[in-house]
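Values in this text are rule-based calculations from the coordinates and carry no lab data. Quick caveat: nothing in here was measured; it's all calculated off a predicted structure. Because the Cβ atoms are built from the backbone with ideal geometry, glycine has one as well, and the counts that use them run over all protein chains shown.
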Amino acid sequence: MIHLDTNFLIDALVAGSAQDARLVGWLGAGETLGISAVAWGEFLCGPLSPAAEALARQLLPDAEALGRADVEKAAELFNSTGRRAKSFADCCIAAVAIRSQAPLATSNRDDFTPMVPHGLMLA
């Protein structure tokens with residue numbers, strides 16, 4: 001399983017993008033996809049077309065809920081990686097990927113690289 005970050009999902013829905021190619025490759029190899037409820041909510045904030053939303057719903061019929069252990073891990077990540085402004089949502093997304101033991105696909109690797117020493121795997 002590979003978890004998708006919001007920006008990766010947005011970019012993957014653009015035909016011909018590098019993210020589209022990676023997604024097609026993963027699906028062709030039989031990889032399953034996941035997404036945290038936080039990333040899904042960010043995605044739905046748009047802007048997005050009805051067609052993009054419909055495709056995303058087909059690719060990702062469920063979103064992984066955020067539980068207490070996840071937010072505790074997110075707080076640990078936030079505090080351990082420099083307490084960067086506006087990074088708590090990214091920490092929540094990373095915490096769910098860590099719990100799921102799934103690499104995270106993101107278009108903003110720099111935002112998540114500080115979390116790798118804390119258990120995050122990047123796709």
Q | Point-to-point label distance, residue 53-residue 80, nm (Cα→Cβ direction, 7 Å offset) | A | 3.7
Q) When Cα extents along the principal axes in Å is calculated directly from the model, which label among (1) 38, 28, 23; (2) 50, 28, 18; (3) 52, 26, 23 fits? A) (1)
(Q) Please arrange 121, 115 by how many other C-beta atoms lie within 10 Å of their C-beta, fewest to most. (A) 121, 115
Q: Could you grab the relative contact order for segment 2-118? Cα pairs under 8 Å, six or more apart, rounded to a whole percent.
A: 34
Q: Please give the contour-minus-distance gain from residue 44 to residue 20: 0.36 nm per residue of separation, less the Cα-Cα distance, rounded to one decimal in nm.
A: 6.8 nm
